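Reviewing the structure listed below.
Bear in mind that the values in this text are calculations on the coordinates, not laboratory data. These numbers come from a predicted model, not from an experiment. Cβ sites come from the backbone with ideal geometry, for glycine too, and all protein chains shown count toward neighbours.
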Amino acid sequence: MDVFNHLKGIIEGEVIALSASGKLPANINVKKIIAEPPRDAAHGHIASNVALVLSKEAKLAPRELGKLLVERLEALDIVTECNMAGPGFLNLRMIDSFWHSQLKRIIFEGINYGKSSIGAGTSANIEYVSANPTGPLHVGHSRGAVFGDVLANILNHVGFLVTREFYINDAGHQVNILAKSVHLRYRELYGENITESAYHEGYPGDYLISVAQKLRDIYGDCYLDETEEKWMPIFRKFAVDEMMQGIIEDLSALGIKHKTFTSENELVSDGHVDFIYNLLEEKGLLYEGVLESPKGGKENPDWQERSQILFKSSAFGDDIDRPLKKG
């Protein structure tokens, strides 16, 4: 049990004691009580909504109920201070020895500390890293990789059934550019002089030389003078597979292993994207509109106002509607 659940149990105990004394109704429901860190650490160590969520059932104003609880909680040996804030939140400050005892618990329980069944077997999909398969990972990717994996570990630790997903961005313009860059390297292997300007929209990194060498070893020179229509799908898939292999190896060196790899290209080709688009359209969740410029957008010469198909994500708690498709 973590420290907040432990303190939640203590608060619940005081509510039950007030109920037993007749100051609160019998069998009062304590399930909605929360104990958590306060938004402002200056307010104390623990914040609880107890007075707010029980006031209706207790038939008392939140601050009136809060006064009853403050009196009892301040009398506890482990509490140095308890007060009310706002409409009835309780803030508690604990004695130092309480925190020292928690350190002992953490050491004693080891990897089981904080373990719980709060997730109750609920499925949780964590999609993280999902770097474009156009080159090796960089330090920014590793930061996201560690953050995502830790989040997945935490959810798993508290009872969620976690799936770790890597979404492969293998559809669209950037993978076509990747394939073209590999084909330039492939042509270089046969002695063609490729100027630096040929890569001006491509990926000039040396990491593509080994990819081109493998293609040469498999296919020889049969794609040297072929049309782009012929070599593009082969070079694109081979290059993406090679990039993903390197990405997976780098992640494995960090101790990170994804369970699911979802191909954007397969989602598109299998019709899943069209299916969802049509479904959203049927539900009236799409419309053609123009988004406001981002902060500083109008001062940016590259920003252009344009009509797009927007998804009504604001209807589901988002701050703005999101572009789904260019108009």
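Measuring against 22 Å, Cα to Cα, the residue pairs Lys214/Lys237; Lys31/Lys104; Lys259/Lys325 contain Lys31/Lys104; Lys259/Lys325 as the ones spanning a longer distance.
Based only on other Cβ atoms within 10 Å, what is the fewest-to-most ordering of Val175, Val3? Please report the intermediate quantities before stating the final value.
Working: Val175 24, Val3 20.
With the sparsest Cβ surroundings first, the list reads Val3, Val175.
Between rounded, prolate and oblate, where does segment 220-327 land on the alpha carbon gyration tensor, with a ≥ b ≥ c its root eigenvalues, rounded for a/c under 1.5, else prolate if a/b exceeds b/c? Prolate shape, in that a/c is at least 1.5 and a/b is the bigger ratio. Scalar couplings 3J(HN,Hα) for segment 219-236, obtained by applying the Karplus form with A = 6.51, B = -1.76, C = 1.60 to θ = phi - 60°, are 10, x, 9, 5, 10, 5, 10, 6, 6, 4, 4, 7, 8, 3, x, 6, 5, 5 Hz; x denotes Gly and Pro. When a/c is below 1.5 the answer is rounded, else prolate if a/b is larger than b/c, else oblate, so apply that to segment 117-268 with a ≥ b ≥ c taken from the square roots of the Cα gyration tensor eigenvalues. It comes out prolate by the Cα gyration axes.
Spin-label model, Arg39/Ile320: points 7 Å from Cα along the beta carbon direction are separated by 2.4 nm.
Once the Cα-Cα distance is subtracted from the 0.36 nm per residue extended length, the Ser307 to Ser116 segment shows a gain of 63.9 nm.
For Rg and Dmax of the Cα atoms in Å, the value calculated from this model appears in [x] 19.1, 57; [y] 20.0, 61; [z] 29.1, 93 under label [z]. Where only DSSP H runs of four or more residues are counted, the chain gives -14500 deg cm²/dmol as its mean residue ellipticity at 222 nm, each run worth -39500 (n - 2.57). Amide H contacts of Asp321: Ser314, each under 5 Å away and 5 or more positions distant or on a separate chain (H built 1.01 Å from N in the peptide plane; Pro and chain starts excluded). For a quick check: with amide H placed at 1.01 Å from N, whose amide H comes under 5 Å from Leu310's, ignoring anything fewer than 5 positions away on the same chain? When sequence neighbours closer than 5 places are left aside, the close amide H contacts are Tyr287, Glu288, Gly289, Leu324.
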